[in-house]
1. Can you pull out the residues in the range 158-179 that are touching a helix residue (DSSP H, G or I) at 6+ places or on another chain (Cβ under 9 Å) and buried (at least 18 other Cβ atoms within 10 Å of the Cβ)?
2. Within the range 241-268, track down each residue that is assigned to a loop (DSSP other than H, G, I, E, B) and under 12 Å from GLY167 (Cβ atoms).
3. From HIS247, HIS165, HIS140, which residue is touching a Lys or Arg at 6+ places or on another chain (Cβ under 6 Å) and not assigned by TED's automatic domain parsing to the domain that holds VAL41?
4. Checking THR242 against (1) at pLDDT 95 or above; (2) in contact with a Gly (Cβ under 7 Å, 6 or more places away or on another chain), which single condition isn't satisfied?
5. Mind listing whichever residues of the range 172-190 are in a loop (DSSP other than H, G, I, E, B), under 26 Å from MET129 (Cα atoms) and in contact (Cβ under 8 Å) with a residue 60 or more places away in the chain?
6. Kindly indicate the residue of the range 135-150 that is of a type in the set (Gly, Ala, Ser) and part of a strand (DSSP E or B) and also nearest to GLN28 (Cα to Cα) among those meeting that condition.
7. Pairs please, first residue from the range 95-107 and touching a residue at least 12 places away in the same chain (Cβ under 8 Å), second anywhere and part of a helix (DSSP H, G or I), Cβ atoms under 9 Å, 6+ apart in sequence or on different chains.
8. So is ASP203 surrounded by 21 or more Cβ atoms within 10 Å (Cβ to Cβ), modelled with pLDDT of 95 or more and either part of a loop (DSSP other than H, G, I, E, B) or on the phi < 0 side of the Ramachandran plot (or both) or not?
Amino acid sequence: MRFFLVLCTFFALPFAAQAVELNGTLAQGGLVVGQVQPGSVVTLDGQTVAVAANGAFVMGFSRDAEPRARLKVLGPGGSVEEQTLSIAKQTYQVQRIDGLPTRKVTPNPADVAHIKADNAKIGAVRSSMSTDPRFLSGFHWPVSGPISGVFGSQRILNGTPKSPHNGVDVAAPRGSIIQAPADGVVALVADDMFYTGKTMMIDHGLGLTSVYAHMDDIFVIEGQVLSQGDALGTVGQTGRATGPHLHWGLTWKAVHVDPQLAAGPMMK
């Protein structure tokens with residue numbers, strides 16, 4: 001199994017190797033890939049976690065995750081392993097962005113209908129559950145450049161407090177090629193979403209999806225199978241954006257996680 005290990009104080013292997021192996025970041029916004037015996041049943045805080053035929057699984061911890069999480073593994077032979085995971089607390093920035101068009105901060109009724117339709121499409125992808133654990137390729141950065149927006153930051157747009165940022169922004173030059181950060185299948189291609197403009201999503205398996213927003217060009221089609229490094233399109237400034245950049249989001253089911261923790265340091 002290939003997966004980028006985030007080497008920091010949050011990383012832990014709390015289980016014996018024969019029960020479960022965990023690779024990732026046990027922190028708010030962290031993504032963790034696990035391995036159990038095929039046929040095992042895994043639950044996190046009482047909720048079932050999908051397990052692939054080869055025993056791989058993935059789970060994520062939200063921006064405001066509680067400091068403790070309970071992981072339980074029921075082995076195919078009836079053995080039971082339980083562990084309390086310590087989830088490290090993160091500190092989040094406050095980011096102020098001014099100069100946005102008024103409609104992009106306070107949408108009119110027609111815009112609200114557009115936003116609801118966009119959200120329904122995105123929600124349908126995030127509620128799907130493909131069984132192939134393509135995320136085992138590991139993750140790298142889809143594009144290089146200065147990071148202009150971090151995960152979890154409280155957004156204040158034109159002076160109005162908004163929801164926390166659920167991804168990471170990379171201020172790459174317009175036209176820069178965006179690459180698939182991991183193996184997956186193209187799950188959504190949209191030309192004109194209200195907030196995110198030209199947008200696409202990738203299904204990485206077992207409820208893990210990623211989103212790419214504000215693109216100028218999209219090179220792929222829905223249903224296309226991707227390998228890590230394949231060209232997805234180009235960086236743009238479509239939707240709600242004050243300059244060219246890529247918004248990259250990573251979500252496990254309905255839980256947004258921090259792409260920076262999944263990909264590790266950016267290679268310059």
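1. Those that are touching a helix residue (DSSP H, G or I) at 6+ places or on another chain (Cβ under 9 Å) and buried (at least 18 other Cβ atoms within 10 Å of the Cβ): GLY167, VAL168.
2. Our first condition is that a residue be assigned to a loop (DSSP other than H, G, I, E, B); within the range 241-268, this holds for 241-244, 253-254, 258, 264-268.
Result: ASP258, single match.
3. The match here is HIS165.
4. (1)
5. We begin by selecting, within the range 172-190, every residue in a loop (DSSP other than H, G, I, E, B); these are 172-176, 180-183.
With the extra rule that they be under 26 Å from MET129 (Cα atoms), the set shrinks to 180-183.
PRO181 - this is the single residue of the range 172-190 that is in a loop (DSSP other than H, G, I, E, B), under 26 Å from MET129 (Cα atoms) and in contact (Cβ under 8 Å) with a residue 60 or more places away in the chain.
6. That would be GLY149.
7. Close Cβ pairs satisfying both conditions: LYS104/ASP111; PRO107/HIS114; PRO107/ILE115.
8. Answer is yes for this residue.
The values are calculated or read from the model by the stated rules, or taken from the named source; none is laboratory data. The shown structure was predicted, so the numbers you read here are calculated from the model rather than taken from an experiment. As a convention, Cβ positions derive from the backbone with ideal geometry for all residues, glycine included, and neighbour counts pool all protein chains shown.
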